[in-house]
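Presented below is the structure to which this report refers.
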Amino acid sequence: MTQPAPAAEAATRKSTPADGGSPWRTKLVRFDVRTLSLLGVLAALVVIGGITQPDSFLDTDNVQLVLTQTSVIGVVTVGMTFVIISGGIDLSVGAIVALASVWATTVATQEYGFAGILFTAVIVGMGCGLVNGLLIAYGGMVPFIATLAMLAAGRGLALQITDGKTQMVTVDSVLDLGLRESYILGIPPLVLVFAGVTVVGWLLLNRTTFGRRTVAVGGNAEAARLAGIDVRRQRLYLYLLSGLCCGIAAFLLIVLSGSGQNTNGNLYELDAIAAAIIGGTLLSGGRGTITGSVLGVLIFTTIQNIFALNNLETATQQIAKGAIIVAAVLVQRRTAHTS
């Protein structure tokens, strides 16, 4: 009697080609086309910005500003990309950033200096990610509901800690990171941190068993389970990773703003999800790239910068952002039907 193909094969690849490699070449071509398309959009935006605001858009200070603003939401997006690839969603990232930033800037925490602020931000972020992971992986809660609850709880706790007031940072070693004197070869330290997180995220997704398991869980969780992957533990790790990224982003935001506020991270969940979608990450899971997500963040930040330089209203920016998200999802659906 013919035995079915091993579940491990189903979890790690969809089919084995007769010529031994054409699907891999097809995937590579699709990746190149997608990446080149994103680079083309980014280049077009740079041209538009240079034409509409030639004196300010391409100015070194503005370029550094765009990259710095990209860094904070970019770190969050790296973690979000992993979660979405696995078939999940995290609506609490903005609230986690806010909670981590205010907890790390309390008077008691600042007494421990640079290390105390960084450690607190990271631990709070990971703690929230752990709660999300436990509720989803072992509590059986739907990711949407679990992270929505964390969003509400995180915002409420951040408001309670600050009592609605801004907590100013008084630790010079933290504030110095935001000064021009701290730039390395003209590059802000925050951008270097973002670059480091991006490289680590890319290696983790593309060169490790953890990354392959993430894709397998997102592609077919049942097949992944039959292949021997502990799906629940993998999901727990993924939300821990998302929380870690939120903690790092909270620290970067503290450096950037010099304070902790309960309003920090507002709509970060929307920006991170939108950037990942624009970058080619499927909302249904099973596919996505760190490179695409980073380019998605750059595209969004550049659009916002162009709007700001041209004095367009915030409402217009939000409408444009929503339209871009809808367009990206429609393109994804068309691609999925034709592939």
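The values are calculated or read from the model by the stated rules, or taken from the named source; none is laboratory data. Quick caveat: nothing in here was measured; it's all calculated off a predicted structure. Cβ placement follows ideal geometry from the backbone for every residue including glycine, while neighbour counts extend to all protein chains displayed. With ligands, DNA and RNA removed, areas are computed over all heavy atoms of the protein, side chains included. Shrake-Rupley method; radii C 1.70, N 1.55, O 1.52, S 1.80 Å.
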Check: Restricting attention to the stretch 51-76, which residues are outside any helix (DSSP H, G or I), surrounded by fewer than 17 Cβ atoms within 10 Å (Cβ to Cβ) and hydrophobic (A, V, I, L, M, F, W, C)?
Finding: LEU58
Note to self: Of all residues being under 20 Å from ARG213 (Cβ atoms) and aliphatic (A, V, I, L, M) in the stretch 274-295, which is most open to solvent (accessible area, probe 1.4 Å)? Just the residue, please.
What the structure shows: LEU283
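Residues are listed down the side, and each one gets a yes or a no for (1) in contact with a Lys or Arg (Cβ under 9 Å, 6 or more places away or on another chain); (2) small (Gly, Ala, Ser); (3) farther than 22 Å from VAL66 by Cβ:
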site	(1), (2), (3)
GLN234	yes, no, yes
SER242	no, yes, yes
ALA275	no, yes, no
LEU282	no, no, yes
SER293	no, yes, no
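Looking only at the stretch 203-219, which residues are among the hydroxyl-bearing types (Ser, Thr, Tyr) and either assigned to a helix (DSSP H, G or I) or touching a helix residue (DSSP H, G or I) at 6+ places or on another chain (Cβ under 9 Å) (or both)? Full working, then the answer.
Our first condition is that a residue be among the hydroxyl-bearing types (Ser, Thr, Tyr); within the stretch 203-219, this holds for 208-209, 214.
Once the filter is applied, which keeps residues that are among the hydroxyl-bearing types (Ser, Thr, Tyr) and either assigned to a helix (DSSP H, G or I) or touching a helix residue (DSSP H, G or I) at 6+ places or on another chain (Cβ under 9 Å) (or both), the stretch 203-219 yields THR209, THR214.
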Checklist line | Out of ARG213, ARG235, sole residue that is modelled with pLDDT of 95 or more, farther than 28 Å from VAL72 by Cβ and crowded, with 17+ Cβ neighbours inside 10 Å | finding: ARG213
Margin query: What are the pairs with Cβ atoms under 8 angstrom where one residue, in the stretch 126-146, is over 18 Å from LEU244 (Cα atoms) and the other, located anywhere, is among the β-branched types (Val, Ile, Thr) and in a loop (DSSP other than H, G, I, E, B)? Sequence gap at least six, or different chains.
Written below: PHE144/ILE89
Notebook entry, point to check: Looking at (1) modelled with pLDDT of 90 or more; (2) farther than 16 Å from LEU298 by Cα; (3) under 23 Å from the mean Cα position of the chain (by Cα), which is the only condition VAL33 fails?
Noted result: (1)
Check: If we scan the stretch 313-328, do we find a residue that is open to solvent by 60 Å² or more (accessible area, probe 1.4 Å), in contact (Cβ under 8 Å) with a residue 60 or more places away in the chain, out of contact with any Leu (no Cβ under 8 Å at 6 or more places or on another chain) and more than 24 Å from VAL191 (Cα to Cα)?
Finding: no
Margin query: Contact list please: Cβ distance under 8 Å, first residue in the stretch 201-222 and on the phi > 0 side of the Ramachandran plot, second residue crowded, with 20+ Cβ neighbours inside 10 Å and modelled with pLDDT of 95 or more, pairs at least six apart or on different chains.
Written below: none
Notebook entry, point to check: Across the stretch 185-200, what is the total count of residues that are under 12 Å from VAL78 (Cα atoms) and crowded, with 20+ Cβ neighbours inside 10 Å?
Noted result: 3
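Is it the case that some residue within the stretch 149-163 is among the acidic types (Asp, Glu) and touching a helix residue (DSSP H, G or I) at 6+ places or on another chain (Cβ under 9 Å)?
Residues of the stretch 149-163 that are among the acidic types (Asp, Glu), as a first pass: 163.
Then keep just the ones that are touching a helix residue (DSSP H, G or I) at 6+ places or on another chain (Cβ under 9 Å); that gives none.
No.
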Next item on the list: Of the conditions (1) closer than 30 Å to THR60 by Cβ; (2) at pLDDT 95 or above, LEU185 clears all except one; give me its number.
Entry: (2)
Next item on the list: Name the one entry in ILE290, ILE306, ILE273 that is at pLDDT 90 or above and farther than 19 Å from PHE194 by Cα.
Entry: ILE306
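Anything in the stretch 188-200 that is without any contact (Cβ under 8 Å) to a residue 60 or more places away in the chain and over 15 Å from LEU253 (Cα atoms)? List them, or say none.
If we filter the stretch 188-200 for residues that are without any contact (Cβ under 8 Å) to a residue 60 or more places away in the chain, which is where we start, we get 192, 195-196, 199-200.
If the condition is that a residue be without any contact (Cβ under 8 Å) to a residue 60 or more places away in the chain and over 15 Å from LEU253 (Cα atoms), then ALA195, GLY196, VAL199, VAL200 are the ones that fit.
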Notebook entry, point to check: Hey, among the residues in the stretch 238-266 that are among the hydroxyl-bearing types (Ser, Thr, Tyr) and either touching a Pro at 6+ places or on another chain (Cβ under 6 Å) or buried (at least 19 other Cβ atoms within 10 Å of the Cβ) (or both), which one's nearest to PHE119 (Cα to Cα)?
Noted result: SER242
